[in-house]
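Just below is one structure, and these are the notes that go with it.
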Amino acid sequence: MANNSCNKSFCSNYMLLKPQECSVLDLAKILFSHKSLGQKEFVDCPNEEMIKEPLSRRWVIFLSILVQKILLAIAKPLAGFGNAIEYWLNLQNVNGGFFHLLFKSLICKAVSPDKESAAYLSIIGNLDKRVEIDFSKNVEERRRYDEAISMMAAKAAYENKAYIETTVKNHWKMDLVGSFDFWNDYQQKATTQAFVLQDKNVDTELIVVAFRGTEFFNSDDWISDFNLSWYDIPGMGKVHAGFVQALGLQKSLGWPKNIVQTDDNINHPPPAYYFLRKLLKQLLEKNEKARFVVTGHSLGGALAILFPAILAFHEESWLLKRLGGIYTFGQPRVGDEKFIEYMKGHLTKHEVPYYRVVYSNDMVPRMPYDNSTFMFKHFGTCIYYNSLYREKILVEEPDKNGSFLLLFIPKMLNAAWELIRSCILPCVHGRKYQEGGLLLFMRVVGLLFPGMPAHCPQDYVNSTRLGSSDHSTEDVAKYQKIGIAPA
């Protein structure tokens, strides 16, 4: 069994992959050696019997470590490439488009974008530049209203602080509590971001916490996603190590009720969970009727559902009673069957609704796989939208593991339809549904890799605005209560 410098006394059962300590030869031995993986320096597991895995599981560990090693190796060039693309897109934006930029360059009047300005957009922001929240669709229904705000907040979480401040205050006419960077104790850098707002329009008692999702060219984010390590936390179950580390898991300590400020942590930002828990208590104490919701897209969705999980672990019943809902979009799986039962019990006890929105063939909610190789599973109410933006309330999205080869042709045809639909939507619903060149390029890529463009926020925003359903919010509540989802 491999040694590890970090004391894991908070957890006696775990499997931690360490790609930095895995050589190319070690990678080959994962597949072809019959020795227990627990004898390898790059796998830390207290129970060697647990990782005398069949080839199917060794293959998964092989892929996880390989992808992480590649991401570690290309972190700087990947970030540089992403920054270059982002700068090029924003250079066109501030100069009125490609042809205007060309003309201005010829007469030496081209303007350079300011990376700190509200106009500077991320890759996600360039895919979908809409900022307004559409309250026209059944705002009297709590879920519809919260879903509309949550989706736009989850999308805005990808942007810089100036953009978030301008959008929240000027476009949404709401109060921005703050936009924050948070410390990841395992990556030893601030890799987690979130912002908090207070609605002062329709629901003056609503507070929204939005976590940022995976950025396209951020190796740290992708490493968190592809790191299939897990901790079996007593009383909670097995949880994805990369996600809980991003939320604020403490080295050597796990999830202590409170953390003490020391010389080691005084000079870096706080971890997300502990800071947000304290901030929410302060905000909610000022208004006894106030409630809060948590939201996020992709990785942000995983953090959004884990945040109340740790609140429950710390027996923060007062906060959980004020939690008005959890809304995630394109969220990956985060825990095993035991974790699901743990969460179901606490969410039911505190009457917290959990809505997991999935669009069509989005590949991310179908990962990690729910099969004999993986232990991760989904739970909550799945609000599924197909490529016609038709809504269904389900227990699990169709094709739950994303059978790529088996359904490749149907998925490719669906991707072709989505490309055609890009030309139809603005004609039917107006220019705000017009898709730019970058998203159209992603649609073309989707012909070869179905499910990739489906993860972009564009279709999730469209789903919350154009989605139609035969089920009312009251119907959904009834189905939830008896544990059955309508077809």
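The values are calculated or read from the model by the stated rules, or taken from the named source; none is laboratory data. Computed from a prediction, not measured in an experiment: that's the story for all the values here. For neighbour counting, all protein chains shown are included, and Cβ atoms are generated from backbone atoms with ideal geometry for every residue, glycine included. We work out accessible area using only protein heavy atoms, side chains counted, and drop any ligands, DNA or RNA first. Shrake-Rupley method; radii C 1.70, N 1.55, O 1.52, S 1.80 Å.
Does Phe329 count as closer than 18 Å to Asp225 by Cβ and in contact with a helix residue (DSSP H, G or I) (Cβ under 7 Å, 6 or more places away or on another chain)?
Working: closer than 18 Å to Asp225 by Cβ: yes; in contact with a helix residue (DSSP H, G or I) (Cβ under 7 Å, 6 or more places away or on another chain): yes.
Spelling it out, Phe329 is indeed closer than 18 Å to Asp225 by Cβ and in contact with a helix residue (DSSP H, G or I) (Cβ under 7 Å, 6 or more places away or on another chain).
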**OP:** Return yes when Lys76 is of a type outside the set (Ser, Thr, Tyr), surrounded by fewer than 18 Cβ atoms within 10 Å (Cβ to Cβ) and modelled with pLDDT of 85 or more and no when it is not.
**Re:** yes
**OP:** Given the conditions (1) among the small types (Gly, Ala, Ser); (2) closer than 30 Å to Gly324 by Cα; (3) assigned to a helix (DSSP H, G or I), report the number of the one that Ser387 does not fulfil.
**Re:** (3)
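Is there a residue being polar (S, T, N, Q), out of contact with any Leu (no Cβ under 9 Å at 6 or more places or on another chain) and touching a residue at least 12 places away in the same chain (Cβ under 8 Å) anywhere in segment 306-317? Walk me through it before giving the result.
Restricting attention to segment 306-317, the residues satisfying the condition of being polar (S, T, N, Q) are 317.
Okay, now just the ones that are also out of contact with any Leu (no Cβ under 9 Å at 6 or more places or on another chain), so none.
Checked segment 306-317: no residue is polar (S, T, N, Q), out of contact with any Leu (no Cβ under 9 Å at 6 or more places or on another chain) and touching a residue at least 12 places away in the same chain (Cβ under 8 Å).
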**OP:** Six or more apart or on different chains, Cβ under 7 Å: which pairs go from a residue in segment 159-181 that's closer than 14 Å to Ile149 by Cβ and open to solvent by less than 50 Å² (accessible area, probe 1.4 Å) to one that's of a type in the set (D, E, K, R) and assigned to a helix (DSSP H, G or I)? Could you list them?
**Re:** Leu176/Glu165; Leu176/Lys169
**OP:** With a cut-off of at least 2 residues that are of a type in the set (D, E, K, R) and under 24 Å from the mean Cα position of the chain (by Cα), name the helices (runs of 4 or more DSSP H) lying wholly within segment 61-137.
**Re:** 75-94
Original post:
If you scan segment 380-401, which residues turn out to be without any contact (Cβ under 8 Å) to a residue 40 or more places away in the chain, in contact with a strand residue (DSSP E or B) (Cβ under 8 Å, 6 or more places away or on another chain) and charged (D, E, K, R)?
Top reply: Glu396, Glu397
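Would you pick out the residues in segment 431-454 that are of a type in the set (Gly, Ala, Ser), under 23 Å from Phe99 (Cβ atoms) and either modelled with pLDDT of 95 or more or surrounded by 14 or more Cβ atoms within 10 Å (Cβ to Cβ) (or both)?
Let us first name the residues in segment 431-454 that are of a type in the set (Gly, Ala, Ser), namely 436-437, 446, 451, 454.
Filter once more, so that each one left must be under 23 Å from Phe99 (Cβ atoms): 436-437.
Selection gives Gly436 alone.
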Original post:
Hey, which of the strands (runs of 3 or more DSSP E) in segment 266-373, taking only ones fully inside, have at least 1 residues that are among the small types (Gly, Ala, Ser) and under 20 Å from the mean Cα position of the chain (by Cα)?
Top reply: 291-297, 323-329
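Inspect segment 139-147 for any residue being modelled with pLDDT under 95 and of a type in the set (A, V, I, L, M) and give the result as yes or no.
In the first step, residues of segment 139-147 are kept if they are modelled with pLDDT under 95; the result is 139-147.
With of a type in the set (A, V, I, L, M) added as a condition, the list becomes 139.
Checked segment 139-147: at least one residue is modelled with pLDDT under 95 and of a type in the set (A, V, I, L, M).
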Subject >> Candidate set from segment 59-116 (those that are in contact (Cβ under 8 Å) with a residue 40 or more places away in the chain and among the basic types (Lys, Arg)); member that is farthest from Phe441 (Cα to Cα) >> reply: Lys69
